[in-house]
Amino acid sequence: MRIGYAGFQHESNSFAHVPASLDKWKEAGILYGDAIRAEYETSQATIAGYYQRLRDEPEVELVPLVFARLTPSGQMTHEATEFLFREILESISTNGPWDAIFLPLHGAAVSDLYRDADGELVRQVRNLVGPDVIIATSLDMHANVSEKIVKYSDVVTAYQTNPHIDPDKQAFMAADMVLRTYRGEIRPSMFMAAPPLSVNILSQGTSDEPMASILRLAETARAIPGILYVGVVEGYPYSDVEEMGMTFIAITDDNPDLAKAVANEVASLSWQLREELQGGAVAIDVALKEASEATAFPIVLFDVGDNIGAGTPGDSTFILHAARKLGISQITQALCDPEIVVLCQELGVGSHISASVGGKADSMHGEPFDIEAKVIALVDGRYEEPKASHGGFRFYDDGNSALVKTEDGFTLLLTTLPAMSSSLEQFRSVGIDPVLQKIMVVKGVHSPRPAYEPIAAKMIWLATPGASSADLSTFVYKHRRIPMYPFEEETVWAPSETNEERLT
């Protein structure tokens, strides 16, 4: 049995100003062949799950083809989309024949060429390989799952944890279903329910209510005889597409009625809980005052509006400005500013810098923050996370980075690339122990939790402005469904009998 895998992963924020250009994809690294296996086989990412299931199956040849992953940002450019599609499709075409294809995607990729970039790739792969090749598509839990993805795949799975600590487990299940399908043991039948429901990013933690109750129902349904898979997909509210919103996938062994019933049952519970699935954050000043008065540390402040995992630039300064105005320092955080990193490199460790940092990528994330500071360390920004982390990734690269300490008490890790706060090794690599800090600012909502929750005395989510603001009313949507909850509170929904409910 020959299985090839190829794909790209990008979460596209329609409201972010920095596009996912081809240059950025190439800078991040487009991997081919064995380089993919070397990067991901020992991780906990999606691709690792394929190997975990199939490495001991002697009749299976698992062939790495092309894979690219880019930190979330604005929408993909026409040029980048064309290039990635061409590389993926040509690799599948020239290295066949295939019994199955694995597509490790995200599900929230939006491009200037295709608004449903993931679905369009699945469609083109299906047209290329024909109806008899098994296609398994692996998605992020923040996918906006389209009809194309479901229609042209035999199996669709998605992460079921947020923070995402199970990508390999979900891919393992996908690979298992593909193998059993090939052997004639099962015949997957899939149904997707898609109520017009957007979930606030603050309510998407899967260990928190009400999402935890929804996941428990899905887990209970997996025990029903004939059920192969049940997936809850939270959706990604910052992609302005028709498919934006929650979806619920059920896969059965040749029982379409059961798949429909189970998907609709889980969707119905979510609809009943729709008001509870909206959330709110704490005002910046209120959170800072609480942190400054704390007696146990570290206090971890989540910069919701500059959630790098949702496509923001990572250079928001709203919290820094507010802290200085309130006379609060002893704050440690990362901040993307490649220009000042270069300056620090030129001056060297131990030198003094007078500069304005952050607030430069666009007009949404604050004004530059003036500092008088000492350069403490210079590093290449590469580090390795040995434990389970958001997305299951092992190797990180923030680009060249500089640690500076300001005269008024701020500790800033300046990075060349937007640096997700997913690993404590980010700061340990420059000699900073997060456990010993008073106030840590992390740029994210859920992705920092696996790293920071075990050490935090308290975590507070801040209502910061930005391209990932928790207040969705600040964004102007052009393509989402209307009506849709919570935008139109009077929205009604009833379970659909078909997979095309969004298109009717």
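The values are calculated or read from the model by the stated rules, or taken from the named source; none is laboratory data. These figures come from a predicted structure and were not determined experimentally. FYI the Cβ positions are ideal-geometry reconstructions off the backbone, even for glycines, and counts take in every protein chain you see.
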* Can we say P58 is over 22 Å from T416 (Cβ atoms), part of a strand (DSSP E or B) and more than 16 Å from the chain's Cα centre (by Cα)? -> no
* **Some residue of region 341-353 being in contact with a helix residue (DSSP H, G or I) (Cβ under 9 Å, 6 or more places away or on another chain), outside the structural domain of Q9 (by TED's automatic domain parsing) and crowded, with 18+ Cβ neighbours inside 10 Å** => yes
* Asked: Which members of region 204-219 meet the condition of being out of contact with any strand residue (DSSP E or B) (no Cβ under 9 Å at 6 or more places or on another chain) and farther than 11 Å from L273 by Cα?
  -> Q204, G205, S207, D208, A212, R216
* Is it true that E90 is crowded, with 19+ Cβ neighbours inside 10 Å and free of Cβ contacts under 8 Å to residues at least 40 places away in the same chain? -> no
* Is it fair to say A100 is in contact with a helix residue (DSSP H, G or I) (Cβ under 9 Å, 6 or more places away or on another chain), assigned by TED's automatic domain parsing to the domain that holds V178 and either crowded, with 23+ Cβ neighbours inside 10 Å or under 18 Å from D176 (Cβ atoms) (or both)? -> yes
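Can you tell me which residue is surrounded by the fewest Cβ atoms within 10 Å (Cβ to Cβ) among those in region 261-297 that are assigned to a loop (DSSP other than H, G, I, E, B) and over 26 Å from the mean Cα position of the chain (by Cα)?
T295
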* Residues located in region 1-30, provided they are under 24 Å from Y236 (Cβ atoms) and in a strand (DSSP E or B) -> Y5, A6, G7, F8, Q9, S12, A20, I30
* Pull up region 32-47, narrow it to residues that are assigned to a helix (DSSP H, G or I) and hydroxyl-bearing (S, T, Y), then point me to the one that is surrounded by the fewest Cβ atoms within 10 Å (Cβ to Cβ). => Y40
* Asked: Can you tell which of S43, S73, S93 is out of contact with any Gly (no Cβ under 6 Å at 6 or more places or on another chain) and of a type in the set (S, T, Y)?
  -> S93
* For region 301-312, indicate whether the set of residues that are crowded, with 24+ Cβ neighbours inside 10 Å and hydroxyl-bearing (S, T, Y) is non-empty. => yes
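One line per residue, one yes/no per condition, for (1) modelled with pLDDT of 95 or more; (2) among the basic types (K, R); (3) in contact with an Asp or Glu (Cβ under 9 Å, 6 or more places away or on another chain):
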{"residue": "I371", "(1), (2), (3)": "yes, no, yes"}
{"residue": "K374", "(1), (2), (3)": "yes, yes, yes"}
{"residue": "G381", "(1), (2), (3)": "yes, no, yes"}
{"residue": "E385", "(1), (2), (3)": "no, no, yes"}
{"residue": "G391", "(1), (2), (3)": "no, no, yes"}
{"residue": "Y396", "(1), (2), (3)": "no, no, yes"}
{"residue": "N400", "(1), (2), (3)": "yes, no, yes"}
{"residue": "L424", "(1), (2), (3)": "yes, no, yes"}
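Could you list all residues from region 175-209 that are more than 20 Å from V150 (Cα to Cα) and of a type in the set (K, R)?
Scanning region 175-209 gives a single hit, R183.
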* Restricted to region 361-382, and to residues that are within 13 Å of T415 (Cβ to Cβ) and of a type outside the set (A, V, I, L, M), which residue is surrounded by the fewest Cβ atoms within 10 Å (Cβ to Cβ)? -> D380
* Structure fact -> Picked from region 434-451 (must be β-branched (V, I, T) and closer than 19 Å to T317 by Cα), the residue nearest to the chain's Cα centre (by Cα) is V445
* Asked: Which of the residues belonging to region 206-227 are buried (at least 19 other Cβ atoms within 10 Å of the Cβ) and either part of a loop (DSSP other than H, G, I, E, B) or aromatic (F, W, Y) (or both)?
  -> T206
* Asked: Yes or no: D176 surrounded by fewer than 24 Cβ atoms within 10 Å (Cβ to Cβ) and without any contact (Cβ under 8 Å) to a residue 60 or more places away in the chain?
  -> no
* Asked: Taking region 1-31 as the search range and keeping residues that are closer than 19 Å to I101 by Cα and within 18 Å of the chain's Cα centre (by Cα), which one is surrounded by the most Cβ atoms within 10 Å (Cβ to Cβ)?
  -> F8
